[in-house]
């Protein structure tokens, strides 16, 4: 087994670069032992097995802290156990993907350092993008999220999004094993020039600059009112009322965000009958309750499940002086917002209710256009790009308490940093258990409050937008590099095979 020490080392380095440790510098060298392993004479089975070893070790901690540790879902124990058991199947898919990357790299190498390094980075990036698709955007072992704390990585994101960040990170490892100092110097110089140019171009084409003071509220899960009892009469969660009153500071805070609701479901029209739900409150009562203690100069955002004309929507309601603006979740997530029909047919579980895709409206606060990224919508890069084009600030409200500890919350905060850097727009990240915070338009972190804390976090959003290539071209630059590389490799192999065949004739 000593021949597989290099893939094992790659797996260990990758695991340490990811959560919960996030020793992010290791991400730039983690794949080097695997790429070096694939460059040596190996059987195809050996190449595949080496990649599987690296992938299983590197992704196992993330899978354990996410799928395997899923918190028991109320009323759905079989569903919870099925999700936990699925982590073994998912681990096999992750490992096999790494195996295919190592196999294809070993087969496709041309012994030309530049082309080989580009091939390795392209194959790994394609592998990660496949895994992102496989898990609907929640690929926790992504190297892009590992390096989100590194400012140059955020600049790379502004050029080509997450795919380009993955590519450049993997390319660094691939370059290091090509035995070419000229390639190392040239690659470093190329990335440095691109990052420097993007940085100064963005600063010269920055618009806006208004300041929006905000307050974000976090609470411990046991303090959420309707978890333990119906709301008191007259309606009101008085612990939350105290926190909101503290947050508004006598009306000098224009925006207060509470990423939850004092009611399980709010409704308009006639009261709906929903099995197992007793805490239903008219939306007008919620607005009237806020109006009694929130000044007219303050806008309060609450996250609600709303019943309207027989449909249920995930939405955040933007209340000011008793009037309401609404953003509804538009891109729904399977197993969380709804169950696919095949799951229902198997009888594994049932959600207490199924949501309906809503209208992605916007809210305006002091002339600042606020667009939403509801929970899993944060992971949809294309949708986030659409929202960023229409607004001045993105409000990302999420709930990561399905998994214990800060692992999922930290990963989502890194995702918020990537969305901000890609689109050059500030992001407000707010969760009930944390971490919550303000992400500046360049992806850097402003004020934050850690996981597990309770109280009010005050800060200010600098409402400015930075011009980025990603805003105009999306991930096209990354795809162009990868497609060109793969096409060139295929062409050279086809041309060489054809030349040898002609010589034999």
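Every number here is computed from the coordinates shown, using simple stated rules; none is lab data. Note that the structure is a prediction, hence the values are computed from the model and not measured. Because the Cβ atoms are built from the backbone with ideal geometry, glycine has one as well, and the counts that use them run over all protein chains shown.
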- [ ] Relative to the longest principal axis of the C-alpha atoms of the chain, give the angle of the C-alpha long axis of helix 381-390, reported between 0 and 90° and rounded to the nearest 10°.
- [x] 50 degrees
- [ ] Calculate, for residue 92 and residue 493, the FRET efficiency according to 1/(1 + (r/R0)^6) with r their C-beta to C-beta distance and R0 30 Å; round to the nearest 0.05.
- [x] 0.50
Task: Percent of beta bridges antiparallel (DSSP, the chain, rounded to nearest 5) - done: 60 percent
- [ ] Rank these for me by crowding, 392, 367, going from fewest to most other beta carbons within 10 Å.
- [x] 367, 392
Open item on the list: Let me check against my output: what whole-number percent is the relative contact order of the range 206-472, with C-alpha pairs under 8 Å and at least 6 apart?
Closed with: 21 percent
Task: Beta bridges by DSSP in the range 206-472, antiparallel share as percent, to the nearest 5 - done: 60 percent
- [ ] Give the peptides 393-405, 451-463, 184-196 in descending order of average Cβ contacts within 10 Å, highest first.
- [x] 393-405, 451-463, 184-196
Open item on the list: Need one word for the range 360-505: rounded, prolate or oblate. Basis is the Cα gyration tensor (sqrt eigenvalues a ≥ b ≥ c); a/c below 1.5 gives rounded, then a/b vs b/c decides.
Closed with: prolate
Task: Rg and Dmax [Cα atoms of the range 138-179; Å; Rg one decimal, Dmax integer] - done: 10.6, 35
Task: Protection proxy ranking of 45-51, 441-447 - average other beta-carbon atoms within 10 Å, highest first - done: 45-51, 441-447
Task: Highest average packing first - 372-379, 280-287, Cβ atoms within 10 Å - done: 372-379, 280-287
Open item on the list: If you wrap a convex hull around the alpha carbons of the chain, what volume per residue comes out, as a whole number of Å³?
Closed with: 157 Å³
Task: Over the range 20-103: Kirkwood hydrodynamic radius from C-alpha pairwise inverse distances, Å - done: 14.3 Å
- [ ] Kindly express, to the nearest 10 degrees and within the range 0 to 90, the angle between helix 151-176's C-alpha long axis and the longest C-alpha principal axis of the chain.
- [x] 30 degrees
Open item on the list: Can you give the log10 of the normalised intensity I(q)/I(0) at q = 0.14, 0.19 Å⁻¹, computed with Debye over equal Cα scatterers of the range 14-165?
Closed with: -0.72, -1.20
Open item on the list: Pairwise over distinct Cα atoms, reciprocal of the mean inverse distance: report the Kirkwood radius of the range 94-222 in Å, one decimal place.
Closed with: 17.0 Å
Open item on the list: With a cut-off of 8 Å between alpha carbons and a minimum separation of six or more residues, what is the relative contact order of the chain in percent?
Closed with: 16 percent
Task: Within the chain, helix-based [θ] at 222 nm, where runs of 4 or more DSSP H residues each add -39,500 (n - 2.57), nearest 500 - done: -15500 deg cm²/dmol
Open item on the list: I'd like the orientation of helix 5-17 relative to the chain: the angle between its Cα long axis and the longest Cα principal axis, in ° from 0 to 90, rounded to 10.
Closed with: 30 degrees
TODO: May I ask for the Kirkwood hydrodynamic radius of the range 206-472, worked out over all distinct Cα pairs and given in angstroms to one decimal?
DONE: 18.8 Å
Open item on the list: Counting only Cα atoms, I'd like the Rg/Rh figure for the range 430-472, Kirkwood definition for Rh.
Closed with: 1.09
TODO: At a temperature of 20 °C and a viscosity of 1.002 mPa s, determine how fast the range 376-439 diffuses translationally according to Stokes-Einstein, using the Kirkwood radius over alpha-carbon pairs as Rh; express D in µm²/s, rounded to the nearest whole number.
DONE: 183 µm²/s
TODO: For the range 25-88, calculate the relative contact order in percent as a whole number, restricting contacts to Cα pairs under 8 Å that are 6 or more residues apart.
DONE: 23 percent
- [ ] Take the alpha carbon atoms of the range 349-424, find their center, do the same for the range 236-302, and report the distance between the two centers in whole angstrom.
- [x] 20 Å
